[in-house]
Amino acid sequence: MADSDAAQWKKRFERERSARKSAEKLLEDKSLEIWEINQALEQMIEERTVELQEALIAAEAANKAKDAFLSSMSHELRTPLNAIIGFSQILMSKSDTNENAKGFIEKIQVAGKTLLSIVNTVLDFSKIESGKMDYSPESFPILKLLQEIETIIEPLLLKKKLSLEIESDVEEMIADFYLLKQALINLLSNAIKFSPQSGKIRLECCKDEYSNAVILRVIDHGNGIEQEKIHTLFQPFSQLANARYIEEIGTGLGLMIIKKIADLHQGEVNIKNNASGGATFWIVIPQPAMCRLKLDNT
């Protein structure tokens, strides 16, 4: 009986030793497999890191080249365009220029100014994308801003026989004067494009009663905007589409630039269709030490 028990224990011991060796061998094989996989992954990561670094260097070089190109084109395009516009204005003012010629000269002026506007818009977009848009907030009287804007857009209003109503209960504000002027001119230019002949546009400036932020609204009486397209309007290259009134197509960058200008001021820009027709765009510019305004879009 003792010999039988010893034999059983010996068999059991051999089985356990064999199983332990098999487990150790399996563990060793798996460890080697994992090590090989890790080595391959580390190699792939190292190669990918080198590729990404090279791509980053190439992208930075391309961005510098783009900035240099746009800076050069700014001069190369603006200089002859300004000359074309300037000389056409001189020809228009000459008393011996006949009416037929004046018609052609006026078309040259319009085309030159349109092209100059597109060039400026593309350059502004490039500055925004590269984070080089200058931002210099200052305190200024609202009246000065409104008067300069009205002077600039007056020819566009006269061309379509539109009237502009301006109402403001704000005397002074703090913002980047030139960026805010650009944003409002862009909004008013869009309102003019999509307004019917002999229509009316309204520009309102007021303060929010809760936050004291300045709200600037541009209200037109056109056909409004399709609801499903509103959320895309502030994306790059998005175009407002209204074939009934529009006479010229821009770059699709104007509204995106307006949004970036609002962002620089820690503000916001919104849009809604009016119940009576047309649309309202508004920019919210928080004032220092005031809480940021959250507008209800309804």
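Values quoted throughout were computed directly from the atomic coordinates according to the rules given, and no laboratory measurement underlies them. Nothing here was measured: the structure is a model prediction, and the numbers come from that model. Counting neighbours? That spans all protein chains shown, and the Cβs are built from the backbone with ideal geometry, glycine included.
Data for the structure
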read-out	value
Residues listed by number, region 98-115, amide nitrogen under 13 Å from LYS159 label point at 7 Å toward C-beta	106-115
Label-to-label distance, nm, for residues given as SER198 and LYS127 (7 Å Cα→Cβ offset)	4.1 nm
Relative contact order (%) - region 84-196, alpha-carbon pairs under 8 angstrom, separation at least six	25 percent
Interchain or long-range residues, amide H under 5 Å from GLY224's placed H	GLY278, ALA279
Packing-based order for 44-55, 173-184, using average beta carbon neighbours within 10 Å, highest first	173-184, 44-55
Partners for LYS11 among aspartates and glutamates (Cα-Cα distance below 18 Å; same-chain residues under 8 apart left out)	ASP3
Amide proton proximity set for GLY199, modelled H, under 5 Å, gap of 5+	SER163
Nearest-0.05 FRET efficiency for GLU99 and ALA275, computed from C-beta distance (R0 51 Å)	0.65
Proximal lysines to LYS160, defined as alpha-carbon separation beneath 23 angstrom and excluding residues fewer than eight positions away on the same chain	LYS102, LYS107, LYS113, LYS181, LYS193, LYS200
